[in-house]
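K.L.:
Have a look at the structure that comes next, please.
The values are calculated or read from the model by the stated rules, or taken from the named source; none is laboratory data. This one's a predicted model, so the numbers in the text were calculated from it and none came from an experiment. All Cβ positions, glycine included, derive from the backbone under ideal geometry; neighbour counts span all protein chains shown. When the accessible area is computed, the model is the full protein with side chains, heavy atoms only, and any ligands, DNA or RNA have been set aside. Shrake-Rupley method; radii C 1.70, N 1.55, O 1.52, S 1.80 Å.
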Amino acid sequence: MENLERVKQFSEKIAQIKQELAKDVVGQEDIVNNVIIAMIAGGNVLLEGVPGVGKTRLVRSLSRVFELPFSRIQFTPDLMPSDVTGTDVIEKDEQGKMNTVFRKGPIFANLVLADEINRATPKTQSAMLEVMQEHKITVGKNNYVLAEPFFVLATENPIEQDGTYPLPEAQMDRFMFKLIMKFPQVEELMDIVSMTQITMAETANAVMDGETVLEMRALASTVPVHTDAMRYATELVTNTHPEVKDASSTAKNYVKYGASPRAAQALITCAKVRALMNGNYNVSKEDIDALAYPVLRHRIKINYNAVNERLTVDDVIALLIKETRKTAK
Amino acid sequence: MQGGFNKFRKKQRLIALINSLVWGIAAAIFAVGGLLLIDKLNTKSLHVVLYVLIPVATFGASSSAAWFAYKQKDKKLAKTLDERFALNDRVQTMVEFANVQTDMVRLQREDAQTRLQDISPSQLQWKGLWSTLAAFIVAVAMLVTGLAVPKKTVETPPPPPEYPTYVFEITLAQRTALGTLIKNVKESRAEDEVKTAITAELEPFLANIDEIETEIELYTELARIITVIDTFVEEHNTYKRVYQSIRNSGLETVQQFAIGLGMNALPTTFETLLAAFESEEKDGAATSAAIGEFTTELATCFADVDEVATDGLVIAMGDLIADMQTVAAIDPTVFPYDWIVDSTKKAMNDNVAALANALMAQTDNRAVTSDVIKKLISIFAMPEEWIPEWGGKPLTGLDGMQQNPNEPNKPGEGIIIDGILYPSNETVYDYYTKVICEYGKVFEGDAYNYKAAINTLISEGIANGTINPEVEEMLRAYLDALSGAEVGGGNGDESGAEQV
């Protein structure tokens, strides 16, 4: 009974989150949904979008809704790892004694916006990504654990690629989702302009705290996944590999590198959240199909054949889903 | 699991059951139709037990197989429901976690059941409906076909070919030839006793010939007839005994007489004897003595012969001996030498004809008998192994005797061919023309009867390769030689001339 209440509250909370976020973020429902899924699932998101589409606003609104500390890190080529994580400084205490004090970096927040992460040097990127993976920072001999829930939303500007340091595939795998924030539609843009004419400040209210997020995460993990759905998710990830035995024709034709096992983990974990968000109590193949795009698009690399045929990563993912559905029957 | 899923499960089981029953019935009907078809297309009918056993077995096997094919496991049914009613894997999850009792799973289960409650089982598609109906239609079609096809009639197989069995039959030609033979015997120059003896065998043989049913019977009878008539002639003819009796005499003149008798050259023989009796000094006593010696020896030798008193040769020999004894009794001192010689000549001349005629009669007897035997062998195609010995053996002491080539056969005396004396006017059975004809016609070159037939055979033989063309010329020369040019003389084999 208690869990039933919790499940009911889960859906209500999600609805509230969306409702509050809608106050600050116009449109982008898929982005909002997936970001919420990633947060509850405990993953990080790589957001790709042109400047001004609301990436920073979204994260700030999320911090307001979840009532979680937020920080924004603008990555530049001269940004050092210590600028992100923090560093030890020598301070004179009240007694005048010189002590080494660790000054926390902007990473010490629950919600972090890593803006234009691809502009940072690989060294700084790796420092960031280590935090994202392990939720702790090692400075010198000391380890500093970050507070949960810890969520990083990193952005990439798809336009300005000069002087950038594209994230290596291994690092990209750390992100649970890669979301593409598209330019708003006319009506959406009108709404944005209208809204921001009134105020530029975020007006979303808090509807939960970090503890609630963790509870929702725990609840989502109990959603059952039947064997066929599990097999479907794993087959989908396996089908991204052209080098395996009985590889899918899509992978053989269009994929250079396939997704890692983290993709399968992400699919199932996020599918549970999505199912619960939609009022379902089990994971279905539809959940997996819906999540395949954000989970796989940054984890597989298409080959020249796909480029030659003007296929995008999402097109290849669609082909993979189609092929996997066919073989799953 | 309750309620919602169960009703679908029941529905699905019912569908599977109906399907399996229909499949079973269809299979049984198909089997019956198939059996009927087999029955109709074969001449033999199937046992009625098959019409029961096979359909029952087919029903059982098909319905069982269909049951397992159509009956869906819960997992499969769950998938069907999820896909059919867009339930987002609710039912599959419910079925898989049926035994899990966590809060979330219970919630999920209740949610799935609630969804299923709102769906009527009638909406569940009847899986396999069309295939089941098709199977039933096919089965009915097979049954109808089996009923409609007419029964194959029993075809009486054609009787197996009968190998021609040999049917023993005395042909009309054979009967005719035998009748002609009997007639010719009666008209021949053989002595009456011989004719009677021969016809006494042949006439009953002809009369009762229909009673002969097998070849063995025929050949046995023929062999008997041959032996009888041959033995009769051997015993009837006395020449051999007469000859044998005087041939072994120690007196040279008697030996010469025996030789002359055997060759039927008595005139010449008598001249030789006379010359032997005569003396250059015209000594009557010596001549008389020689004659007396000859006569005494002849009489002595002849006395040993087991003669038949009425036999012509015996009578002629007796007369000759009597006359010669009379001559031998002439007193040489009383009668002159010439008287003795003339008396001797007269005695010889008076008896030479009788002796010759007696010899000729016995020759005729032998010739006719030999001809009858040969004709019997020829008419009935008697195998060699059935032919008994006949014709007598060559006379002792006559080995190497040959007919004097300087003495051509005189008319009426017949012709010797291969040592066999054939009196003239004898008939022969012409093998090639299958008719009885005078033997002279055979050798006179009657084109139709013999030579033409041979020529035809030769031509056919050359055409079909059975006669070598190199032999053709020789054969035609042989036929030309036979055509009347050498009748009565110079016949090939002159050794061992068979006499009576």
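K.L.:
When you look at B:Asp82, is it at pLDDT 90 or above and closer than 30 Å to A:Ala229 by Cβ, yes or no? Please lay out each step first, then the result.
P.N.:
Values: at pLDDT 90 or above: yes; closer than 30 Å to A:Ala229 by Cβ: yes.
Here the answer is yes, as B:Asp82 does meet what is asked.
K.L.:
Still on this structure, I have one more. Which members of region A:257-307 meet the condition of being in a helix (DSSP H, G or I), surrounded by fewer than 22 Cβ atoms within 10 Å (Cβ to Cβ) and touching a residue at least 60 places away in the same chain (Cβ under 8 Å)?
P.N.:
A:Arg262
K.L.:
A further question on this structure: So B:Phe270 passes all but one of these: (1) open to solvent by less than 60 Å² (accessible area, probe 1.4 Å); (2) in contact with a Gly (Cβ under 7 Å, 6 or more places away or on another chain); (3) modelled with pLDDT under 90. Which condition number does it fail?
P.N.:
All conditions are met except number (2).
K.L.:
Take the residues of region B:318-333 that are open to solvent by less than 60 Å² (accessible area, probe 1.4 Å) and of a type outside the set (A, V, I, L, M, F, W, C): which is farthest from B:Met348 (Cα to Cα)?
P.N.:
To start, the set of residues in region B:318-333 that are open to solvent by less than 60 Å² (accessible area, probe 1.4 Å) comprises B:318, B:320-324, B:327-328, B:330, B:332.
Now restrict to residues that are of a type outside the set (A, V, I, L, M, F, W, C): B:318, B:323, B:332.
Numbers: B:Gly318: 12, B:Asp323: 8, B:Pro332: 19 Å.
Ranking the qualifying residues of region B:318-333, first place goes to B:Pro332.
K.L.:
In region A:239-248, is there at least one residue being open to solvent by 30 Å² or more (accessible area, probe 1.4 Å) and either within 30 Å of B:Gln108 (Cα to Cα) or outside any loop (DSSP other than H, G, I, E, B) (or both)?
P.N.:
Scanning region A:239-248, I find no residue that is open to solvent by 30 Å² or more (accessible area, probe 1.4 Å) and either within 30 Å of B:Gln108 (Cα to Cα) or outside any loop (DSSP other than H, G, I, E, B) (or both), so the answer is no.
K.L.:
Has region B:25-44 got at least one residue that is among the acidic types (Asp, Glu), farther than 30 Å from A:Tyr281 by Cα and touching a residue at least 60 places away in the same chain (Cβ under 8 Å)? Spell out how you get there, then give the answer.
P.N.:
Of the residues in region B:25-44, the ones among the acidic types (Asp, Glu) are B:39.
Narrowing the set further to residues that are farther than 30 Å from A:Tyr281 by Cα leaves B:39.
So of that shortlist, the ones also touching a residue at least 60 places away in the same chain (Cβ under 8 Å) come out as B:39.
The answer is yes; a qualifying residue exists.
K.L.:
If I go through region B:89-121 residue by residue, how many of them are of a type in the set (Lys, Arg) and at the interface with chain A (Cβ under 8 Å from one of its Cβ atoms)? Talk me through it step by step, then tell me what you get.
P.N.:
Kept after step one, since they are of a type in the set (Lys, Arg), are these residues of region B:89-121: B:90, B:106, B:109, B:115.
Subsequent filtering for residues that are at the interface with chain A (Cβ under 8 Å from one of its Cβ atoms) retains B:90.
So the count comes out to 1.
K.L.:
Could you list, in sequence order, all residues of region B:81-102 that are of a type outside the set (Phe, Trp, Tyr) and touching a residue at least 24 places away in the same chain (Cβ under 8 Å)?
P.N.:
B:Leu81, B:Arg84, B:Leu87, B:Arg90, B:Val91, B:Met94, B:Val95, B:Ala98
K.L.:
From the list B:Val138, B:Val144, which residue is farther than 21 Å from A:Arg6 by Cβ, away from every other protein chain (no Cβ under 12 Å) and surrounded by 14 or more Cβ atoms within 10 Å (Cβ to Cβ)?
P.N.:
Numbers: B:Val144 fails: surrounded by 14 or more Cβ atoms within 10 Å (Cβ to Cβ).
Unique residue meeting the criteria: B:Val138.
K.L.:
Looking only at region B:348-387, count every residue that is in contact with a Pro (Cβ under 8 Å, 6 or more places away or on another chain) and among the β-branched types (Val, Ile, Thr) and tell me the total.
P.N.:
Residues in region B:348-387 being in contact with a Pro (Cβ under 8 Å, 6 or more places away or on another chain) and among the β-branched types (Val, Ile, Thr): 3 in total.
K.L.:
Answer with yes or no whether A:Ala204 is open to solvent by less than 30 Å² (accessible area, probe 1.4 Å), in the same structural domain as A:Met39 (by TED's automatic domain parsing) and either polar (S, T, N, Q) or in contact (Cβ under 8 Å) with a residue 40 or more places away in the chain (or both). Explain how you work it out, then say what you get.
P.N.:
Working: open to solvent by less than 30 Å² (accessible area, probe 1.4 Å): yes; in the same structural domain as A:Met39 (by TED's automatic domain parsing): yes; either polar (S, T, N, Q) or in contact (Cβ under 8 Å) with a residue 40 or more places away in the chain (or both): yes.
Yes, satisfied.
K.L.:
Restricting to region A:308-328, and then to whatever is open to solvent by less than 70 Å² (accessible area, probe 1.4 Å) and among the charged types (D, E, K, R), can you tell me which residue is nearest to the chain's Cα centre (by Cα)?
P.N.:
Looking at the filtered set, the residue picked out is A:Asp314.
K.L.:
With respect to B:Thr80, is the statement that it is polar (S, T, N, Q) and surrounded by fewer than 21 Cβ atoms within 10 Å (Cβ to Cβ) true? Quick ask: steps written out before the conclusion?
P.N.:
Numbers: polar (S, T, N, Q): yes; surrounded by fewer than 21 Cβ atoms within 10 Å (Cβ to Cβ): yes.
Answer is yes for this residue.
K.L.:
A follow-up question, please. So A:Ala127 ticks every box in (1) open to solvent by 50 Å² or more (accessible area, probe 1.4 Å); (2) under 19 Å from the mean Cα position of the chain (by Cα) but one. Which box is left unticked?
P.N.:
Just one mismatch for A:Ala127, condition (1).
K.L.:
Answer with yes or no whether A:Thr234 is open to solvent by 40 Å² or more (accessible area, probe 1.4 Å) and either more than 14 Å from chain B (Cβ to nearest Cβ) or outside any loop (DSSP other than H, G, I, E, B) (or both). Outline the logic, then answer.
P.N.:
Working: open to solvent by 40 Å² or more (accessible area, probe 1.4 Å): yes; either more than 14 Å from chain B (Cβ to nearest Cβ) or outside any loop (DSSP other than H, G, I, E, B) (or both): yes.
Taking the combined requirement at face value, the residue satisfies it.
K.L.:
While we're on this one: Looking for whichever is open to solvent by less than 20 Å² (accessible area, probe 1.4 Å) and in contact with a Gly (Cβ under 7 Å, 6 or more places away or on another chain) here; the options are B:Leu37, B:Leu116. Which one fits? Don't jump to the end; show me each part of the working.
P.N.:
On the way: B:Leu37 fails: open to solvent by less than 20 Å² (accessible area, probe 1.4 Å).
It is B:Leu116.
K.L.:
In addition: What about A:Ala275, is it more than 19 Å from A:Pro149 (Cβ to Cβ) and within 14 Å of chain B (Cβ to nearest Cβ)?
P.N.:
Numbers: more than 19 Å from A:Pro149 (Cβ to Cβ): yes; within 14 Å of chain B (Cβ to nearest Cβ): yes.
Considered against the rule, which asks whether it is more than 19 Å from A:Pro149 (Cβ to Cβ) and within 14 Å of chain B (Cβ to nearest Cβ), A:Ala275 comes out as yes.
K.L.:
Right, something else. Restricting to region A:120-164, what's the tally of residues that are under 29 Å from A:Val65 (Cα atoms) and of a type in the set (D, E, K, R)?
P.N.:
5
K.L.:
Another question, then. Does A:Ala229 count as modelled with pLDDT of 85 or more, within 14 Å of chain B (Cβ to nearest Cβ) and surrounded by 15 or more Cβ atoms within 10 Å (Cβ to Cβ)? Spell out how you get there, then give the answer.
P.N.:
Numbers: modelled with pLDDT of 85 or more: yes; within 14 Å of chain B (Cβ to nearest Cβ): yes; surrounded by 15 or more Cβ atoms within 10 Å (Cβ to Cβ): yes.
Yes.
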